[in-house]
Amino acid sequence: MVTLNGKKGLSKRISREEYYKRILDALASRSACSRRKLAAIIVKDDRILATGYNGAPRGWENCGTDVPCYKDLYGEPSGKISYVCPAVHAELNAIINAAYHGVSIKGATLYTQIDPCF
């Protein structure tokens, strides 16, 4: 029990949507992208199946930290699909992570901070 305004009661729970939003924000902070930090989670039956955030493919150097941002080098604007940026989008990384671990995402919901590119 907690005390709210001098009265005993239960603290208010955040909504599922707010819960997922907070998880997305925490995951996005893992992104090494110097321009945009985005994340995605795949959920089914209120269970998180997989997560992902945008960034260089596994084994590659991170743009903006290890090497210069390719979009900066070529003067490309943010938010546009690029042919010089090797980054994997957050939603694709979440799908790849599910597949890598043998997790079926059939019937699941993908949550992102912005509309997915795919």
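Laid out as a table, the results:
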{"item": "Cβ-Cβ FRET estimate between ARG47 and ILE14, R0 fixed at 22 Å, reported to 0.05", "result": "0.80"}
{"item": "Qualifying trypsin sites (Lys or Arg not before Pro) for segment 33-115 [loop in DSSP, other Cβ within 10 Å: at most 11]", "result": "ARG58, LYS80, LYS106"}
{"item": "When segment 14-112 is reduced to its Cα atoms, the Kirkwood hydrodynamic radius in Å", "result": "14.2"}
{"item": "Low-density loop positions, chymotrypsin sites (Phe, Trp or Tyr not before Pro), segment 1-101 - DSSP coil, at most 13 other Cβ in 10 Å", "result": "TRP60, TYR83"}
{"item": "Cut-off 12 Å between beta-carbons: net charge of the residues surrounding LEU38, Lys and Arg +1, Asp and Glu -1", "result": "+1"}
{"item": "19 Å Cα cut-off, lysine pairs counted over the chain (separation 8 or more, or different chains)", "result": "7"}
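Here, each number is a calculation from the coordinates, and none is a lab measurement. Note that the structure is a prediction, hence the values are computed from the model and not measured. As a convention, Cβ positions derive from the backbone with ideal geometry for all residues, glycine included, and neighbour counts pool all protein chains shown.
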